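Everything on this sheet refers to the single structure shown next.
What follows is calculated from the coordinates using simple rules that are stated; it is not laboratory data. None of the values given here were measured: they were computed from a predicted structure. Cβ placement follows ideal geometry from the backbone for every residue including glycine, while neighbour counts extend to all protein chains displayed.
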Amino acid sequence: MPRQNPNQPQQQPQGQQSWTPPDQRNVQVNMPQHALERLQRMRSTGGQRGLFTSDLSVNEFLLVKEAGFDPVGMVIGSSIYHIGYQMAYFNQSQELTVLSQAMYNARELAMARMEAEADALGADGIVGVRLDVGRYEWGADLAEFIAVGTAVRSRDGTSHRTKFGKPFTSDLSGQDFRTLLHAGYRPQGLVMGSCVYHVAHQGLGQWFKTVGRNTEMENFTQALYDARELAMERMQAEAEALGAEGITGTQIKESSHGWDSHIIEFFAIGTAVTPTSADHQIPPPQLVLTLNS
């Protein structure tokens, strides 16, 4: 269950509609013809080894290989999305569900297309996933959501896909991916939660009460607290749907994306993991001295 503020429980603002994130990327994907041609040339056919591409560093590439996986290709998903508009009351803190859904769905489309490319390569999963948001001058209300990672396949033929039959996704580096596997865990999926929140403006009466004083702005504190909790709650719900034991590398990112100064997106993201054995052999840390200048 998500953590709750012991002093002031989270409440749904009056008139605000609740929102549940969509299922695990159950969207229909149509890849461009050039993408299909590129992926086809990368696949191994007729005993001929295919060419792989990867955005892993040299160290990451070698450690992924040492962990028993072969990189099979760099996979990409993209979605250019029109971000809608939602009216917010000047003096009310509330989630803007229209914007929350837009930001969440756009990322899901990009992730689904990236996974479809991994599927086409016969991959077990994707490591080193990056999610970026870009804007262009030709569309003030448009944003491109891009998902990029390296698809990998297990050499021993064991399936490492999720219970939904999808390739696993992870934002872990090659080093962290190898360490996780050797410790008896494996990634299940990149899980995320989004919440776009309007933080109420300070009223004139409140300004007079606080001018020249050191005091907590409780209404602002509670608004940001609630928004972060909503994002984390949705991320946790995705991990539970995957049957994960926990989430590693969790990050909470805050961005305004060019909206009003009082509108902020809270985006929670991490890698859901599950144990592969009951006995976790974790090697002790070793001292390493670098010879680099």
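Quick notes on this one:
- Restricting the range 50-146 to chymotrypsin sites (Phe, Trp or Tyr not before Pro) that sit in a DSSP loop and have at most 12 other Cβ atoms within 10 Å of their own Cβ leaves 85, 89, 90, 138.
- Listed from fewest to most Cβ neighbours within 10 Å, the set 198, 82, 257 follows the order 82, 257, 198.
- Over the range 33-275, the Kirkwood radius and the radius of gyration, each from Cα atoms, give a ratio Rg/Rh of 1.07.
- Applying 0.36 nm per residue to the separation of residue 57 and residue 130 and subtracting their alpha-carbon distance, the gain on full extension is 24.9 nm.
- Taken over the range 118-166, the ratio of Cα radius of gyration to 2.2 N^0.38 Å equals 1.61.
- Kirkwood hydrodynamic radius (C-alpha pairs) into Stokes-Einstein, the range 223-293, 20 °C and 1.002 mPa s, D in µm²/s: 139 µm²/s
- For residue 33 and residue 220, a Förster radius of 41 Å and the Cβ-Cβ distance give a FRET efficiency of 0.20, rounded to the nearest 0.05.
- Counting other Cβ atoms within 10 Å as a rough exposure proxy, the listed residues 252, 264, 146 run 252, 146, 264 from fewest neighbours to most.
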